[in-house]
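Asker: The structure follows.
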Amino acid sequence: MATLLHLDSSLWPVGSASVSRTVTAAFRQAWEDQHPDGTVVYRDLDADPVPHLDAPATAAGLADPAVHTPEQAAAFAPRRALIEELESADTVLIGAPMINFSIPSTLKAWLDQVAVPGRNLAAEESTVRDLPVYVVASRGGSYAPGTPREDFEYVLNYLRSLLGDGLGMDVDFIVPELTLAHSTPAMAELIPLADASMARAHEEAAAKGKAAAARASGKARPLMDLGAGDAAVCADGACAR
């Protein structure tokens, strides 16, 4: 049975005008239409955030579980649960709205928890290698090549580097732009472009959700035991709903 791991991180709650949430919902609906008996594991990282990584949990992740002290085992248990949840997925869907030119801290906390050197991060045989991950990276402005703020594109660059180069996952982006156009008078002339971007994002989400479901059909990802090494202020459109 196929499994979709769906993460939202928008600070705007379910039922609001959050763009990243509406687009991830469109992807999820298309995926579920193809897998009515599939499993969806959902995490709202804003409503129910995971803890930020601390020293005990970091040290435990670098140690061989066979020699964990009781304190290390306790510190690592929450990380293990999140890591195995990721490894058991056939498809990963992440809502990553831009806030102050970066990703929400709640999403960064989740990434820090699941990235473990030697197991999946910079690992010769990453346990999530080639796992497809679709990222809805909404933003209030535009940071596309050729735009005045292209040098401020930190979200796609960071997530491509960590998820793709670091963890070995197969990364695909859906990028709704100019999401603040309707609520920002100075951006009024950009409303047609914002509407076109939104429509395109929903079309991509539906198409990619369906394709991801087809790719997940008949696939299963085995879990692996953890070894030791293997052993807001919004400005200039720099945030998004």
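Asker: Write down Rg/Rh for the chain, rounded to two decimals, with Rg from the C-alpha atoms and Rh from the Kirkwood relation over Cα pairs.
Answerer: Working: Rg = 18.4 Å, Rh = 18.6 Å.
Looking at the chain, the ratio lands at 0.99.
Asker: Something else now. At 222 nm, what value in deg cm²/dmol follows for the chain if DSSP H runs of at least 4 each add -39500 (n - 2.57) and the sum is divided by all its residues, to the nearest 500? Write down the numbers at each step before the final one.
Answerer: Numbers: 6 runs with 83 residues, N = 241.
Helices in the chain give a 222 nm mean residue ellipticity of -11000 deg cm²/dmol.
Asker: Using the Cα atoms as the points, what is the convex hull volume per residue of segment 1-43 in Å³? All intermediate terms of the calculation are to be shown ahead of the outcome.
Answerer: Values: hull volume 2.7 nm³, N = 43.
Convex hull of Cα atoms, per residue: 62 Å³.
Asker: Give me the compactness ratio for segment 1-114, meaning the Cα radius of gyration over 2.2 N^0.38 Å.
Answerer: Details: Rg = 15.9 Å, N = 114, 2.2 N^0.38 = 13.3 Å.
Relative to the 2.2 N^0.38 Å estimate, segment 1-114 comes out at 1.20.
Asker: Using modelled amide H (1.01 Å from N, peptide plane; none on Pro or chain starts), what sits under 5 Å from the amide H of residue 96, excluding residues fewer than 5 places away?
Answerer: It is 136, 137, 138, by chain and number.
Asker: Under a crude label model (7 Å from the Cα following the beta-carbon direction), how far is residue 125 from residue 102 in nanometres?
Answerer: A separation of 3.6 nm, rounded to one decimal place.
Asker: Show me, for segment 82-90, the HN-Hα J-couplings you get by feeding each phi into the Karplus relation (A = 6.51, B = -1.76, C = 1.60, θ = phi - 60°), rounded to Hz, glycine and proline as x.
Answerer: 5, 5, 5, 5, 5, 5, 7, 7, 9
Asker: If you restrict to DSSP beta bridges whose two residues both lie in the chain, what percentage is antiparallel, to the nearest 5?
Answerer: On the way: 2 of 22 bridges.
Here the antiparallel bridges make up roughly 10 percent for the chain.
Each reported figure results from applying straightforward, stated rules to the coordinates on display, with no laboratory input. For clarity, every value in this text was computed on a predicted model and none was experimentally measured. Heads up, the Cβs are rebuilt from the backbone with ideal geometry, glycines too, and the neighbour counts pull from every protein chain shown.
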